[in-house]
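Presented below is the structure to which this report refers.
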Amino acid sequence: MSRTCGECTLCCKLLPVRELNKLAGMRCPHQRHGKGCGIYGRHPPSCRVWSCAWLVDDDAGDLRRPDRAHYVIDIMPDFITATFEDAPDQRLPVLQIWIDPQHPDAHRDPALRAYIATRCEQEGGMAALIRYDSARAFVLFPPAISSDGQWHEIHTGVSDREHTAAEINAALTGAFK
């Protein structure tokens, strides 16, 4: 698949950039409308190595460009810690999907739901962490990992925190315990 960002700079608005002290959901001060990054070539390492799934994932073929869909699928995996009453806490892998807060229902896009469902099946069970900014998120469970075969949104008990290097490594290698 050969795609380019074109005029899309939605990741520059939605994703946090530690090196720039830029919070999620805030427009980057170096973002140039329709032109990309004003400091391209000198931009932070986290920006240099990052790509969205729309650009690099062959399974993203049915998705619209992020600025038209109003969401960005992060290729960096993450995890949530699920707490159960009668069982130990369990780490569950999640796709990170950053939603433009001006379009809060963008996660309902049928093409996105199909993409999440496919990734869930390919990965042997994976939910999606729907993020609006640094403080607001919820977990979306696809039918394949739901006992009733339906989509489920869990809005309570979801908090966002930075993970340690060991935790991120575990997420990247699939070593969830």
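Working from the pairwise distances between different alpha carbons, so that the mean of 1/r is found and then inverted, what is the chain's Kirkwood radius in Å? Final number for the Kirkwood radius of the chain is 17.0 Å. Charging the Cβ of each Asp and Glu at -1 and of each Lys and Arg at +1, and nothing else, the dipole of region 35-88 about its Cα centre rounds to 680 debye. Just the protein heavy atoms count here, and of the accessible area of region 1-137 at 1.4 Å, carbon and sulfur take up 50 percent. Roll a 1.4 Å probe over the protein chains and send me the accessible area per residue for the chain in Å². I get 58 Å² per residue for the chain.
Descending by average beta-carbon neighbour count within 10 Å, the peptides 124-130, 25-31, 49-55 line up as 124-130, 49-55, 25-31, the highest first.
Shown is the FRET efficiency for ARG3 and GLN122, computed with R0 = 22 Å from the Cβ-Cβ distance and rounded to the nearest 0.05: 0.60. GNM on the chain, alpha-carbon springs under 10 angstrom: the most fluctuating residue among ILE99, ILE39, ILE145 is ILE39. For the chain, find the longest principal axis of its Cα atoms and tell me its angle to the long axis of helix 110-123, 0 to 90°, nearest 10. That works out to roughly 60 degrees. Modelled this way, with points 7 Å down the Cα-to-C-beta line, the labels at ARG65 and ALA166 are 4.4 nm from one another. Length gained on full extension, ARG27 to VAL56, computed as 0.36 nm times the residue gap minus the Cα-Cα distance: 8.1 nm.
The values are calculated or read from the model by the stated rules, or taken from the named source; none is laboratory data. Predicted, not measured: the structure shown is a model, and the values here were computed from it. With ideal geometry, Cβ positions are generated from the backbone for all residues, glycine too; neighbour counts draw on all protein chains shown. Keep in mind that these areas ignore ligands, DNA and RNA; they rest on the heavy atoms of the full protein, side chains included. Shrake-Rupley method; radii C 1.70, N 1.55, O 1.52, S 1.80 Å.
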